[in-house]
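Visitor: Just dropping this structure here.
The values are calculated or read from the model by the stated rules, or taken from the named source; none is laboratory data. Keep in mind it's a predicted model, so treat the numbers as computed, not measured. Please note: Cβ atoms are built from the backbone with ideal geometry, for glycine as well, and neighbour counts cover all protein chains shown.
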Amino acid sequence: MLETYIPIFVVIAGGIVFGIVMVKLNEWLGPRRPTDEKLSTYESGMEPVRTARERFSVKFYMVAVLFILFDIEVVFLYPWAVAFKELGVAGYITMTVFIVILLIGLFYVWRKGALEWD
Amino acid sequence: MDNVYLVSVVKFVMYVAIVLISVILIGWLERRISAFMQNRTGPNRVGPFGLLQILIDVVKLLLKEDIVPKSANKRIHDLAPIISIAVALSTFAVVPFGNTIEMFGSEVKLMIADVNVGILYMLSITSLGVYGLTLAGWASNNKYSLLGGLRSSAQMISYELSMGLSIIGVLMVSGTLRLDQIVLHQTSYLGGWLPAWNIFLQPVAFITFAVAAFAETNRLPFDLPEAEPELVAGYHTEYTGLKFGLFMLAEYSNVITASAVIVTLFLGGWHLPYAEYLGLSPFGLSILQILTFCVKVALVILFFIVVRWTIPRFRYDQLMNLGWKVMLPVAIANVLVTGLVLLVI
């Protein structure tokens with residue numbers, strides 16, 4: 001059973017090794033002539049003003065929270081979708097109730113303006 | 001046991017070689033097509049028709065200085081492109097590119113890893129891709145990069161929902177998480193003549209999935225993370241040399257994988273309609289099916305390229321509105337309607 005996952009580990013390990021080799025190869029082959037201007041942060045040629053470690057719009061955070069809520073819903077739907085034919089009408093009605101509750105949640109968030117970006 | 005490792009390593013090396021060759025081809029194709037559409041010539045000097053231009057570009061990038069800004073976080077700055085490329089290369093592992101083939105007296109399944117939760121693996125690995133972009137944006141300590149990274153993470157997680165939900169319709173029709181079984185399920189015929197591809201059974205899911213795939217690969221019209229005019233390339237502004245090249249490589253291999261997944265889930269995978277009536281030997285049929293798969297993937301990639309050079313970029317609020325207020329309700333409605341139709345039939 002677990003044996004079928006060996007190729008996956010090989011592929012992921014291979015991908016990581018490929019990335020590391022390429023980055024190291026570039027460090028090794030490329031020149032290294034640092035100057036102050038070259039190592040400063042790029043800001044369209046102007047002197048950089050402060051750093052990027054500052055506060056940013058809370059909306060990105062809202063999106064992340066909403067994503068977690070709805071993604072759990074999606075994950076919950078997967079086993080139901082695979083066994084859909086066995087579960088029949090009872091399974092469909094149960095899941096419809098669940099989805100409707102989540103749609104009410106989406107509608108609430110929508111009305112509250114959490115999805116507005118202006 | 002040793003045999004399994006060896007076979008996987010061989011498959012992986014072959015796979016990486018194929019991906020790199022396809023990236024060279026796609027990069028060339030994209031630059032030639034964009035040039036054609038903008039009334040330019042495009043690369044035509046290196047190799048026949050300029051085919052080797054991308055290869056030369058990679059060599060050039062390899063010989064460039066690797067600049068890490070002073071204020072950047074060196075370790076994470078190095079790590080981000082490695083995550084991106086590792087994720088981009090590992091997603092393809094579960095996609096079947098043919099049925100089975102007779103080789104050296106045994107039946108070989110034409111996929112790298114034959115796991116029973118193929119779709120879940122694919123979804124989980126693609127969602128790891130967001131770490132590469134977000135970490136790249138954050139580690140650069142550059143305002144443009146940070147904005148690009150934030151935008152990309154918000155965009156990718158928003159469209160991941162519609163992507164996951166549109167797959168559920170396919171799962172309800174086929175009743176399995178194995179990608180090879182999903183393809184096999186599409187090899188029958190509806191009413192005796194129409195191939196039972198999921199694009200005919202699940203047209204709404206196909207559209208939402210394709211749109212979400214565009215957003216997940218950060219291609220135009222959804223390329224806000226790198227929007228050149230406003231963010232000067234976004235999350236990879238501070239990257240030079242091959243680390244920048246790895247992001248490009250990851251983008252192109254993501255396009256290949258997205259096309260392959262679209263073909264597998266909706267366009268019948270390796271299934272060539274009526275090919276079983278041609279009377280070919282099993283081996284010949286397998287080869288024909290692999291070719292069919294390649295042609296289908298190439299056509300979808302061509303579609304990606306043509307769309308990129310045809311449609312202008314969305315505004316960010318339009319993008320988020322589309323994701324949350326259109327795609328998500330449509331995808332949920334598709335699940336409910338599919339269930340109802342399946343119960344009635």
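Visitor: If you take the residues of the stretch B:71-86 that are more than 22 Å from A:TYR42 (Cα to Cα) and more than 7 Å from chain A (Cβ to nearest Cβ), which of them is surrounded by the fewest Cβ atoms within 10 Å (Cβ to Cβ)?
Guide: Taking the candidates together, the pick is B:ILE83.
Visitor: Also: Pairs, please: C-beta under 8 Å, at least 6 apart or cross-chain, first residue more than 9 Å from chain B (Cβ to nearest Cβ) and in the stretch A:50-78, second modelled with pLDDT under 85?
Guide: Close Cβ pairs (under 8 Å, with a partner that is modelled with pLDDT under 85) amount to A:MET62/A:ALA114.
Visitor: When you check B:PRO312 against the structure, is it at pLDDT below 85 and not polar (S, T, N, Q), yes or no? Even if it seems obvious, please write down each step before you answer.
Guide: Working: at pLDDT below 85: yes; not polar (S, T, N, Q): yes.
Yes.
Visitor: Here's another thing I want to ask about it. Given the conditions (1) out of contact with any helix residue (DSSP H, G or I) (no Cβ under 7 Å at 6 or more places or on another chain); (2) within 14 Å of chain A (Cβ to nearest Cβ); (3) not polar (S, T, N, Q), which single one is not true for B:PHE36?
Guide: With respect to (1) out of contact with any helix residue (DSSP H, G or I) (no Cβ under 7 Å at 6 or more places or on another chain); (2) within 14 Å of chain A (Cβ to nearest Cβ); (3) not polar (S, T, N, Q), B:PHE36 is out only on (2).
Visitor: Quick test for you: out of B:SER153, B:SER162, pick the one residue that is more than 9 Å from chain A (Cβ to nearest Cβ) and closer than 30 Å to B:THR264 by Cα.
Guide: B:SER162
Visitor: Continuing with the same structure: What are the pairs, 6+ residues apart or on separate chains, where a residue within the stretch B:131-156 that is at positive phi has its Cβ under 7 Å from a residue that is among the charged types (D, E, K, R) and part of a loop (DSSP other than H, G, I, E, B)?
Guide: These pairs meet every condition: B:ASN141/A:ARG53.
Visitor: Same structure again: Is it the case that the stretch B:3-14 has a residue that's of a type in the set (Val, Ile, Thr) and under 17 Å from the mean Cα position of the chain (by Cα)?
Guide: No, the stretch B:3-14 contains no residue that is of a type in the set (Val, Ile, Thr) and under 17 Å from the mean Cα position of the chain (by Cα).
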